[in-house]
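One structure is given below, encoded as structure tokens.
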Amino acid sequence: MHRVVRLTGPWRPRILILRHATHQRNFFAHVLGWMEHYVPDVLAMFLFEDLPCRRDSWGEVVAHHAWLQDPVREWSPEANEQAQWVCSVCDRLGIPVINRVERLDNAGKVAAARTLAALGVRTPRMHHINDPEEFRETFMGLEPPLFVREDLGHQGAMHRADTPAAVRAIDLSRFKPPVVSEFIDVSAASDGLYRKYRCFIAGDHAVSQHLQVSATWITRGTARIQVEKTKQEELAYIGAPDPNEALFQRARRALGLDLVGFDYGYDREGRMVVWEANPYPYIKFAGDITTYRNGALHRSVLAMVRMYLDVGAVPYPASVRRLIEKEPWS
């Protein structure tokens, strides 16, 4: 149960945000800009600290979130230790923690796939590659086509191999640490295009955030097909609740996370395939021909704001209630 907070007297609730002084310090700059414009009273509740946190006063802190790219231990064991110390202080004081640093590993490709599979969610079969020679000999029980990627982090390299010879030729030194994944064809029978959906989850709030359509199997924004047909298809998706929202909420809880984006597609039989869970999803408002999708990003940031207030047991101020009742960006 969250603590009850009363907004009376000189005391006011504060939400502690940790950042690294040099590593992606401005990752959520668009989130902060949005809050400054729409809910400055909520932004005023935020306390920003660079690691290491040296706070002496914790009496007003009602929630904590480390804005640190997962997994922290991979790029800075020191930052990981410092962030875990802050979590331990919060635990002693009864302060809720959002996306605990030690749980970020739960979003690793193999770990997340196994957690989601246990819930009945279809994910590609994946295995860690601990022995390169064993991989080249056995393919870890998978058959080509397959692909190799990094287990941790996001937006990393991926190498697809369609034949046994191509599998054996993969340079595993490019990946740290490498995992091999089953390739599931999610190209549509109607047009041969690939589609990646993202359901953005912030606590109890979910947003259909984007639909990227691509001619290639790696569906990223840089390869997005931008024509009227795909625009209307994306508008239809982001303009309605994600059809898998309830399932993704169960998955979020099973992963032990509060903030997470689920990337998924559908195979040719219409079965959902979840590719990954991202506990540090990037938010950037579009300033080009994809401005039509900014409404989903507005809703995503509002969902984050609501999550922070919910976790800190802070009543929604009038500024937030107005946005919930009538979205000015719709």
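The values are calculated or read from the model by the stated rules, or taken from the named source; none is laboratory data. This structure is a prediction, so every number in the text was calculated from the model and none was measured. In this analysis, Cβ positions are derived from the backbone assuming ideal geometry, glycine residues included, and neighbour counts consider all displayed protein chains.
For region 300-330, residues that are of a type outside the set (Val, Ile, Thr), touching a helix residue (DSSP H, G or I) at 6+ places or on another chain (Cβ under 8 Å) and assigned to a helix (DSSP H, G or I) total 7.
What are the residues in region 189-233 that are touching a helix residue (DSSP H, G or I) at 6+ places or on another chain (Cβ under 7 Å), without any contact (Cβ under 8 Å) to a residue 24 or more places away in the chain and hydroxyl-bearing (Ser, Thr, Tyr), if any?
Result: 214, 216.
With a requirement of 3 or more residues that are within 30 Å of residue 45 (Cβ to Cβ) and among the small types (Gly, Ala, Ser), the helices (runs of 4 or more DSSP H) lying completely within region 64-141 that satisfy it span 77-93. You will find that of 280, 292, the residue that is aromatic (Phe, Trp, Tyr), more than 14 Å from residue 197 (Cβ to Cβ) and out of contact with any helix residue (DSSP H, G or I) (no Cβ under 7 Å at 6 or more places or on another chain) is 280 and no other. Take the residues in region 107-128 that are hydrophobic (A, V, I, L, M, F, W, C) and under 10 Å from residue 181 (Cα atoms); name whichever of them is surrounded by the most Cβ atoms within 10 Å (Cβ to Cβ). Only one residue tops the list, namely 126. Taking each residue of region 12-34 that is in a helix (DSSP H, G or I) and looking for partners that are among the basic types (Lys, Arg) with beta-carbon atoms closer than 7 Å, six or more apart or interchain, yields 30/284. Taking region 283-299 as the region of interest, how many residues are under 14 Å from residue 212 (Cβ atoms), part of a loop (DSSP other than H, G, I, E, B) and touching a Gly at 6+ places or on another chain (Cβ under 9 Å)? Adding up the residues that qualify gives 1. Any chance you could count how many residues in region 118-128 are closer than 15 Å to residue 141 by Cβ and aliphatic (A, V, I, L, M)? Final tally of qualifying residues: 1. Filtered by the rule that a residue be surrounded by fewer than 17 Cβ atoms within 10 Å (Cβ to Cβ) and either assigned by TED's automatic domain parsing to the domain that holds residue 318 or over 22 Å from the mean Cα position of the chain (by Cα) (or both), region 35-46 gives 36, 37, 40, 41, 44. For region 284-330, the candidate set comprises residues that are at pLDDT below 95 and aliphatic (A, V, I, L, M); within that set, the residue that is surrounded by the fewest Cβ atoms within 10 Å (Cβ to Cβ) is 289.
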